[in-house]
Amino acid sequence: MELISRMMDGSVSYGEGHRLEPVFSRAAAREDQSRFQAVPIFEGCTRKQLRNVASIARIVDAPAGSVLTRAGDPGDEFFLILDGSVRVEVASGGYVSLRPGAFFGEMSLLDGGPRSATAVTDTPARLLVIDRANFSRLQREVPELTQTLLVTLSQRVRQIEARERDARRASALE
Ligand code: CMP
């Protein structure tokens with residue numbers, strides 16, 4: 001509902017030059033099913049599990065500048081980037097660019113807390129979107145998914161630590 005409500009309240013911008021229609025379709029997800037296998041988070045999935053993913057996911061085409069999560073808001077959707085790139089504005093004031101195959105929006109679904117960061121499409125993007133109930137179902141049906149989520153969360157914590165360490169070193173040298 002998050003993205004839909006942003007479209008309704010006008011905070012998703014539709015640039016004239018690259019207007020894309022939101023697809024929001026499970027049929028499109030089924031069409032894209034063959035592509036899911038190439039996505040690292042789904043590479044351990046069986047065909048049956050991939051069919052499950054396709055049946056519960058929606059595909060969304062979002063124009064550049066679409067706000068997909070907003071820091072502090074409640075969140076109930078998980079996003080996987082199929083095409084395009086998404087900029088996550090992190091707490092330190094910097095940003096992280098996420099590319100096809102990367103996912104975001106998992107934190108609010110895992111701990112029930114508000115969105116930790118604002119995520120905005122940098123380019124027109126195609127996203128696979130899974131809502132909270134289906135995300136929990138998928139975690140139960142595909143236990144490897146939790147493992148991938150943990151690895152990615154660990155990598156993100158390490159990146160944050162490294163950035164903070166670099167910033168402390170830089171300010172000590174000034
Ligand atoms: P969530 O908090 O649900 O919504 C915002 C998302 O941005 C968050 O889940 C993560 O998926 C993602 N995110 C937050 N911080 C970082 C980071 N430092 N690096 C990459 N992604 C992040």
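The values are calculated or read from the model by the stated rules, or taken from the named source; none is laboratory data. What you see is a predicted model; the values in this text were computed from it and never measured. With ideal geometry, Cβ positions are generated from the backbone for all residues, glycine too; neighbour counts draw on all protein chains shown. The accessibility values were calculated without ligands, DNA or RNA, using every heavy atom of the protein model including side chains. Shrake-Rupley method; radii C 1.70, N 1.55, O 1.52, S 1.80 Å.
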For the range 104-139, which positions are farther than 19 Å from residue 64 by Cβ, under 14 Å from the mean Cα position of the chain (by Cα) and either near the ligand (Cβ under 8 Å from one of its atoms) or part of a helix (DSSP H, G or I) (or both)? 106, 107, 108, 109, 110, 115, 116, 132, 135
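Quick check on residue 87: is it touching a residue at least 40 places away in the same chain (Cβ under 8 Å) and of a type outside the set (S, T, N, Q)?
no
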Test residue 96 against the stated conditions and say whether it is touching a residue at least 60 places away in the same chain (Cβ under 8 Å), near the ligand (Cβ under 7 Å from one of its atoms) and either in contact with a Phe, Trp or Tyr (Cβ under 9 Å, 6 or more places away or on another chain) or within 25 Å of residue 64 (Cα to Cα) (or both). yes
The condition from (1) within 13 Å of the ligand (Cβ to nearest atom); (2) buried (at least 19 other Cβ atoms within 10 Å of the Cβ); (3) at positive phi that residue 72 misses is numbered (2)
Is the range 82-92 home to any residue that is on the phi > 0 side of the Ramachandran plot and either modelled with pLDDT of 95 or more or out of contact with any Ser or Thr (no Cβ under 7 Å at 6 or more places or on another chain) (or both)? yes
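Given the criteria open to solvent by less than 10 Å² (accessible area, probe 1.4 Å), modelled with pLDDT under 95 and outside any helix (DSSP H, G or I), does residue 53 qualify?
Numbers: open to solvent by less than 10 Å² (accessible area, probe 1.4 Å): yes; modelled with pLDDT under 95: yes; outside any helix (DSSP H, G or I): no.
So residue 53 does not fit the description; no.
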Report whether or not residue 77 is open to solvent by 60 Å² or more (accessible area, probe 1.4 Å) and closer than 24 Å to residue 37 by Cβ. no
Out of the range 152-174, which residues are aliphatic (A, V, I, L, M) and surrounded by 12 or more Cβ atoms within 10 Å (Cβ to Cβ)? 153, 160, 167
Taking the residues in the range 140-151 that are crowded, with 18+ Cβ neighbours inside 10 Å and within 15 Å of the ligand (Cβ to nearest atom) as candidates, determine which candidate is nearest to residue 57 (Cα to Cα). 145
